[in-house]
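Below you'll find the structure, written out as structure tokens, and then a few comments.
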Amino acid sequence: SLAQVVLPEIGGRCVELAMTRMSKPAVVGGLALCAGAQYAFVQPAAQGRPSATPSLRGESATLKAEAGTSTGALPAAAVLACTAAAVGGRAAASSVARRAAAAKKKGVRVVEGKEIPWNLFSPKAPYVGKVVENHKHPQTLTEDTGDANWETTHVTFDHGGNVPYLEGQSIGVIAPGPDKKGETPAKIRLYSIASSAVGDDETSKTVSLCVKRVVELDGKFANRDVGEDKADKAGTAFPENKVYRGVCSNHICDMNVGEDVLITGPTGAEMLLPDDPEATIIMLATGTGIAPMRSYCRLLFNDAVGADSDGSRKFKGLAWLFMGVPYSKSLLYDDEHVEYKSKYPDQFKYDYAVSREDKNAAGQKMYIQTKMAEYTEELWDLMQKPNTHIYMCGLKGMESGMEECFSPIAEKNGLVWSEFAKKMKKDKRYHVEVY
């Protein structure tokens, strides 16, 4: 089970104390007490230790606070302070952890009878991570389509093992600002995590995001007047237009290796994977809604933690991805999908809907629901299985697209799609995160 998680909260209070009128020895002592809590979440199964029940990871995921000397970043009590971590002593950190844990468990939420990491770091006390190079993907994933907001990036942060998370959760990022309301720093923006729990490097010390750079020209809002827009990291600029650049998305997309990033969370329970290794996972994603789906696929088909001792995967079911993008140049993680399909043809399927390039036989633009309509009966049959889960992430219209696609076959079977979907939600088999 998950251990008591209290040190981020304690660390935040220690930093606050450091900013009040205290003696220097007291401040140093307070920081020393709080430094050094390392969190490791979802480690590979111990060698030679069989699981009590089948699981995607082979054993129950655990979150543990390890008291000891470390040099990771502490949560900042005041965001503008962006305080760096001090080095903590083993005995002091352990003592503080035991006393506070006895009082109240923090940083944990119980979901479906299991404890998961939850809001270890808050907007008032974020974790200060570092941007690191990702050796799997370049920072810019997409190619220029001619649209102002053509760029989508893959950015990785080192959290030193202090921000554990599960596939399907989100973290918040705090940009310097000012935001639309003139607030500095800007209010947090939540982003679905695009890496599995162990991270792209499988060290459990990194987290990756898939972020679309928001750029709007001559619209209702503008934070750059004509002549003021400068080239971003990808080299795109619109000096002849009034431009609105999304504060947090541009902050992330312009980041360079070695820069600090303020992280909150993790949070979110709607999109968590089932533990059933025999489950059928149907994934619907538009644009950056691919993020949680990528995190699932990394666990299911890539990570060592998801492998059995004989080299096969712990996941024995079927994962079927439907992804919608406007252009083929906008496709995300296609190389990974091709690899999974090549290695596990009976367990992984994927279909793309490229709306501005492809059409169906009736001449309609190819949206996700249009593509799914080609497999209506097969998908309907899969939905009747009690261990089939649907995951939907992206644009809000996706739900109405599902109704459009499956209402006829539901009616044919004497059912109303909206009621059927409601029953799936009640059974916790229909997971939606749209915006």
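The values are calculated or read from the model by the stated rules, or taken from the named source; none is laboratory data. This one's a predicted model, so the numbers in the text were calculated from it and none came from an experiment. Here the Cβ is made from the backbone with ideal geometry for all residues, glycine too, and neighbour counts use every protein chain on show. What goes into the accessible areas is simple: the full protein's heavy atoms, side chains included, and nothing from ligands, DNA or RNA. Shrake-Rupley method; radii C 1.70, N 1.55, O 1.52, S 1.80 Å.
Sub-7 Å Cβ pairs linking a first residue in segment 166-185 that is touching a residue at least 24 places away in the same chain (Cβ under 8 Å) to a second residue that is surrounded by fewer than 17 Cβ atoms within 10 Å (Cβ to Cβ) and among the β-branched types (Val, Ile, Thr), at least 6 apart or interchain, are Pro176/Thr184; Gly177/Thr184; Pro178/Thr184, ordered by first then second residue.
Among the residues of segment 403-432, those identified as in a loop (DSSP other than H, G, I, E, B), open to solvent by less than 90 Å² (accessible area, probe 1.4 Å) and under 21 Å from Ala319 (Cα atoms) are Asp427, Arg429. Within segment 180-201, the set of residues being among the β-branched types (Val, Ile, Thr) and closer than 13 Å to Gly168 by Cβ comprises just one member, Ile193. Each residue in segment 109-121 was checked for being in contact with a Phe, Trp or Tyr (Cβ under 8 Å, 6 or more places away or on another chain), over 12 Å from Leu166 (Cβ atoms) and not in a loop (DSSP other than H, G, I, E, B), and 1 of them qualify. Listed residues Thr152, Thr140; which is buried (at least 21 other Cβ atoms within 10 Å of the Cβ) and over 11 Å from the mean Cα position of the chain (by Cα)? Sole residue among the options that is buried (at least 21 other Cβ atoms within 10 Å of the Cβ) and over 11 Å from the mean Cα position of the chain (by Cα): Thr152. Comparison of Asp303, Asp275, Asp310 shows that the only residue that is closer than 25 Å to Met392 by Cα, more than 14 Å from the chain's Cα centre (by Cα), modelled with pLDDT under 95 and not aliphatic (A, V, I, L, M) is Asp275.
The residue that is surrounded by the most Cβ atoms within 10 Å (Cβ to Cβ), among those in segment 255-271 that are part of a loop (DSSP other than H, G, I, E, B) and touching a His at 6+ places or on another chain (Cβ under 8 Å), is Met271. In segment 332-347, the residue that is nearest to Asp144 (Cα to Cα) out of those that are outside any loop (DSSP other than H, G, I, E, B) and in contact with a strand residue (DSSP E or B) (Cβ under 7 Å, 6 or more places away or on another chain) is His337.
If you filter segment 278-297 down to residues that are open to solvent by 10 Å² or more (accessible area, probe 1.4 Å) and of a type in the set (Ser, Thr, Tyr), you find that the one that is nearest to the chain's Cα centre (by Cα) is Thr288. The single residue among Ser208, Ser192, Ser249, Ser196 that is assigned to a loop (DSSP other than H, G, I, E, B) and either open to solvent by less than 60 Å² (accessible area, probe 1.4 Å) or touching a residue at least 24 places away in the same chain (Cβ under 8 Å) (or both) turns out to be Ser196.
Annotation note: of Asp179, Asp218, Asp232, the sole residue that is at pLDDT 95 or above, open to solvent by less than 40 Å² (accessible area, probe 1.4 Å) and among the charged types (D, E, K, R) is Asp232. For segment 298-331, filtered to residues that are part of a loop (DSSP other than H, G, I, E, B) and touching a strand residue (DSSP E or B) at 6+ places or on another chain (Cβ under 6 Å), the residue that is most open to solvent (accessible area, probe 1.4 Å) is Leu331.
Set side by side, the residues Lys130, Lys136, Lys114 differ, and just one is more than 24 Å from Asp334 (Cβ to Cβ) and modelled with pLDDT under 95, which is Lys114. If I go through segment 162-177 residue by residue, how many of them are of a type in the set (S, T, N, Q) and more than 8 Å from the chain's Cα centre (by Cα)? Here the count works out to 1. Scanning segment 383-402 for residues that are at pLDDT 95 or above and open to solvent by 10 Å² or more (accessible area, probe 1.4 Å) turns up Gln384, Lys385, Pro386, Asn387, His389.
Pairs meeting the criteria (first residue in segment 380-392 and over 20 Å from Glu270 (Cβ atoms), second residue of a type in the set (A, V, I, L, M, F, W, C), beta carbons under 7 Å, at least 6 apart or on different chains) are Trp380/Phe406; Trp380/Ile409; Leu382/Ile282. Scanning segment 348-384 for residues that are in a loop (DSSP other than H, G, I, E, B) and either touching a strand residue (DSSP E or B) at 6+ places or on another chain (Cβ under 6 Å) or of a type in the set (Val, Ile, Thr) (or both) returns Ser355, Met366, Tyr367.
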